[in-house]
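First the structure, in the form of structure tokens, and then the observations on it.
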Amino acid sequence: MKLAKVILLLAAVTCVMGAPLAAQQTRPSPHEATSITVDGNRVSLFYGRPHAKDPRSGEIRKIWGTLVPYGRVWRTGANEATLMITQRPLILGGVTVPAGAYTLFTLPQADGSAKLIINKQLGQWGLQYDESQDLARVDLIRETLPQNVDQFTMRVERVPSGGGVIKMSWETTQYSVPFTVAN
């Protein structure tokens, strides 16, 4: 039964990730998948990894506030909107996120704060965003990094005391949100 669920989930991911590709011929940025098991629950992220360096001119772009405008919803990566899959419910930033697949968007603000938007609509290319599909918006924790990160990077990490954290790093900023696995 568990194997059947995993196969069904993988088939769904393939369909969701493949549909935008049929409409879009090329991905300007490479794609990445990251997955980890936290407290018996697998959390997976599928996202585009744009570079700070402009692919056409080679110039370093200003990310926050310019390439990613303040006060506007961002797809949290490049190409297709970022996909998060969790096998069990999560308590993410104080909000219960049921098991399943979700799209992650980010809403950065000029004061450095940002919200992670957990959206129920799947398969969007770019900024095809429907606010009515939002499950929740949670505050992100902002940190300044000691070194510049050229390529947008997401990761899920275990916390030794239990639970985990989703981290997003680009330029000299890291945003994160802790989570626990719901029973």
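The values are calculated or read from the model by the stated rules, or taken from the named source; none is laboratory data. No experiment lies behind these values; they were computed from the predicted model shown. Here the Cβ positions follow ideal geometry from the backbone for every residue, glycine too, while neighbour counts run over all protein chains shown. Just so you know, the surface numbers come from the protein's heavy atoms only, side chains and all, with ligands and any DNA or RNA stripped out. Shrake-Rupley method; radii C 1.70, N 1.55, O 1.52, S 1.80 Å.
General remarks:
- Residues in the range 160-170 that are surrounded by fewer than 19 Cβ atoms within 10 Å (Cβ to Cβ) and in contact (Cβ under 8 Å) with a residue 60 or more places away in the chain: 162, 163.
- Criterion: among the hydroxyl-bearing types (Ser, Thr, Tyr) and within 17 Å of the chain's Cα centre (by Cα) - qualifying residue of 176, 161: 176
- Restricting the range 106-146 to residues that are more than 22 Å from residue 178 (Cα to Cα) and in contact with a Ser or Thr (Cβ under 9 Å, 6 or more places away or on another chain), the residue that is least open to solvent (accessible area, probe 1.4 Å) is 124.
- Check on residue 78, open to solvent by less than 30 Å² (accessible area, probe 1.4 Å), part of a strand (DSSP E or B) and small (Gly, Ala, Ser): no
- Selection of strands (runs of 3 or more DSSP E) fully inside the range 131-183 by the criterion of at least 3 residues being charged (D, E, K, R) returns 134-139, 141-158.
- Across the range 89-105, the qualifying residues are those that are crowded, with 16+ Cβ neighbours inside 10 Å and outside any strand (DSSP E or B), and the one among them that is modelled with the lowest pLDDT is 93.
- Filtering the range 79-101 to residues that are under 22 Å from residue 30 (Cβ atoms) and either touching a Lys or Arg at 6+ places or on another chain (Cβ under 7 Å) or not small (Gly, Ala, Ser) (or both) leaves 79, 80, 81, 82, 83, 84, 85.
- In the range 161-180, the residues that are small (Gly, Ala, Ser) and farther than 15 Å from residue 105 by Cα: 161, 162, 163, 164
- Unique match (being without any contact (Cβ under 8 Å) to a residue 12 or more places away in the chain, open to solvent by 50 Å² or more (accessible area, probe 1.4 Å) and of a type in the set (Gly, Ala, Ser)) among 35, 57: 57
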